[in-house]
Amino acid sequence: MRKNFGPKPFLFPQPVMIIGTYDENGKANAMNAAWGGIVGTDEIIIDLSSHKTTDNILLNKAFTVSVADVEHMTACDYVGIVSANKEPDKMEKAGFTTTKSGFVNAPVINELPLTLECELIDVIDGSKFLGKIKNVSIDENVLGEDGELSLEKFSPITYDTVHYGYYRLGEKVGNAFKDGAALK
Ligand SMILES: Cc1cc2nc3c(=O)[nH]c(=O)nc-3n(C[C@H](O)[C@H](O)[C@H](O)COP(=O)(O)O)c2cc1C
């Protein structure tokens, strides 16, 4: 037997994305966003209602997407429950510092190791922000010996849309494009 839940946003693992933007004075902001994901090798869509972040994206036509990790979980949640419209010291309170992206007019959050630096392409149906990934920058501390991102060193969190928890990813269980071949 299966139980029906109707239309729910239940897709797992759900990424926790931290959107970085600059305001009209060049002040950095960050917000937490779950509703989105990769839609092509260099494209991403994030569904956003009205926030300081959306004003900033429309102003600069740019944003960054950093992946929330276990180490910064509390700060990542904080930027999802407090708006820069109400708290001017939001970034300081989160403990986030930033460096301007060398590719788009948006801030890279220094503390979060993995960042997609994106240019706004379009806003679809008024809320789906489609971005082109112009660059990805990764802190060398989470690179493996092959020079690529290592999930042994980087611990992204995933959002539990049922009970609103944050979970860490588990251990490696297989190899893509390979293990399925056993059933050929
Ligand atoms: C786990 C989590 C996920 C969220 N996902 C989204 C989302 O996908 N879209 C959205 O518009 N807001 C989302 N929010 C809410 C914003 O992060 C929140 O309103 C934030 O304060 C906006 O900040 P700003 O006004 O400084 O831009 C989420 C919040 C949390 C805690």
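The values are calculated or read from the model by the stated rules, or taken from the named source; none is laboratory data. Just so it is clear, the structure is predicted and the values come from calculations on it, not from any experiment. Counting neighbours? That spans all protein chains shown, and the Cβs are built from the backbone with ideal geometry, glycine included. Remember, those area values only see protein heavy atoms, side chains included, never the ligands or the DNA or RNA. Shrake-Rupley method; radii C 1.70, N 1.55, O 1.52, S 1.80 Å.
Calculate the dipole size of segment 17-183 relative to its Cα centre from +1 charges on Lys and Arg beta carbons and -1 charges on Asp and Glu beta carbons; express the result in debye to the nearest 20. Show your work: numbers first, answer last.
Details: 14 positive and 26 negative charges, 71 e Å.
Roughly 340 debye, rounded to the nearest 20.
Run the helix sum for the chain: -39,500 (n - 2.57) per DSSP H stretch of 4+ residues, divided by residue count, reported at 222 nm to the nearest 500 deg cm²/dmol. Walk me through the numbers on the way to the answer.
Values: 3 runs with 23 residues, N = 184.
Calculated at 222 nm, the ellipticity per residue is -3500 deg cm²/dmol.
DSSP loop (so not H, G, I, E, B), at most 15 other Cβ within 10 Å: list which trypsin sites (Lys or Arg not before Pro) in segment 45-94 pass both filters.
Values: sites: K52, K61, K86, K90, K93; in loops: K61, K86.
Filter output for segment 45-94: K61, K86.
The chain: D in µm²/s via Stokes-Einstein (Kirkwood Rh, Cα pairs, 25 °C, 0.890 mPa s)?
Numbers: Rh = 17.4 Å.
In µm²/s, the coefficient is 141.
Please work out how much length the chain gains when fully extended from Y167 to S137, using 0.36 nm per residue of separation minus the C-alpha to C-alpha distance, in nm with one decimal.
Working: separation 30, 0.36 × 30 = 10.80 nm, distance 2.37 nm.
Between Y167 and S137, full extension yields an extra 8.4 nm.
Under the Karplus relation 6.51 cos²θ - 1.76 cosθ + 1.60, θ = phi - 60°, what is the ordered set of whole-Hz ³J(HN,Hα) values for segment 32-39, x standing for Gly and Pro?
Here the 3J(HN,Hα) series is 8, 9, 9, 7, x, x, 5, 10 Hz.
Collect residues whose amide H, placed 1.01 Å from N in the peptide plane, falls under 5 Å from the amide H of Q14; neighbours closer than 5 in sequence don't count.
Y159
Please list, ordered by chain and number, the residues whose modelled amide H lies under 5 Å from the amide H of L151; skip anything fewer than 5 residues away on the same chain.
Close amide H contacts, sequence-distant or interchain: none at all.
Just to confirm, what accessible area per residue do you get for segment 50-184 at 1.4 Å probe, in whole Å²?
On the way: 8180 Å² over 135 residues.
Accessible area per residue, segment 50-184: 61 Å².
Just flag the chymotrypsin sites (Phe, Trp or Tyr not before Pro) in segment 1-97 sitting in loop per DSSP whose Cβ has no more than 12 other Cβ atoms within 10 Å.
Values: sites: F5, F10, Y22, W35, F63, Y78, F96; in loops: F5, F10, W35, F96.
Filter output for segment 1-97: F5, F10.
Give, in nm to one decimal, the length gained when the segment between T74 and N4 is fully stretched (0.36 nm per residue of separation minus the Cα-Cα distance).
Values: separation 70, 0.36 × 70 = 25.20 nm, distance 3.30 nm.
Going from the current span to full extension adds 21.9 nm.
Could you give each residue of segment 93-101 its phi-based ³J(HN,Hα) in whole Hz, using Karplus coefficients 6.51, -1.76, 1.60 with θ = phi - 60°, and x for Gly or Pro?
Calculated HN-Hα couplings, in order: 5, 6, x, 9, 10, 9, 10, 5, 4 Hz.
Could you give me the ³J(HN,Hα) list for segment 122-127, computed from phi with Karplus coefficients 6.51, -1.76, 1.60 and θ = phi - 60°, whole Hz, x at Gly and Pro?
Result, rounded to whole Hz: 6, 10, 9, 6, x, 9.
On the protein heavy atoms, probe 1.4 angstrom, tell me the percent of accessible surface of the chain carried by carbon and sulfur. Don't jump to the answer; show the numbers that get you there.
Working: 5960 of 11250 Å².
Carbon and sulfur together cover 53 percent of it.
So how much slack lies between D160 and D47, counting 0.36 nm per residue of separation and subtracting their Cα-Cα distance, in nm? If you can, show how the numbers build up before the last one.
Values: separation 113, 0.36 × 113 = 40.68 nm, distance 1.74 nm.
The span from D160 to D47 would gain 38.9 nm if fully extended.
With an 8 Å Cα cut-off and a minimum separation of 6 or more residues, compute the relative contact order for the chain in percent. The partial results should precede the final answer.
Details: 345 pairs, mean separation 41.4, N = 184.
Relative contact order comes out at 22 percent.
Using the Cα centre of the chain as origin and beta-carbon charges of +1 (Lys, Arg) and -1 (Asp, Glu), tell me which of Y166, S66, I19 is placed farthest towards the positive end of the dipole.
Among Y166, S66, I19, the one farthest towards the positive end of the dipole of the chain is Y166.
Hey, can you grab everything whose amide H is under 5 Å from the amide H of T98? Only 5+ residues off in sequence or another chain; H modelled, so Pro and N-termini drop out.
Here N110 satisfy the definition.
Name the shape class, rounded, prolate or oblate, that the alpha-carbon gyration tensor gives for segment 128-183, where a ≥ b ≥ c are the square roots of its eigenvalues, rounded holds for a/c under 1.5, and otherwise prolate holds if a/b is larger than b/c and oblate otherwise.
rounded
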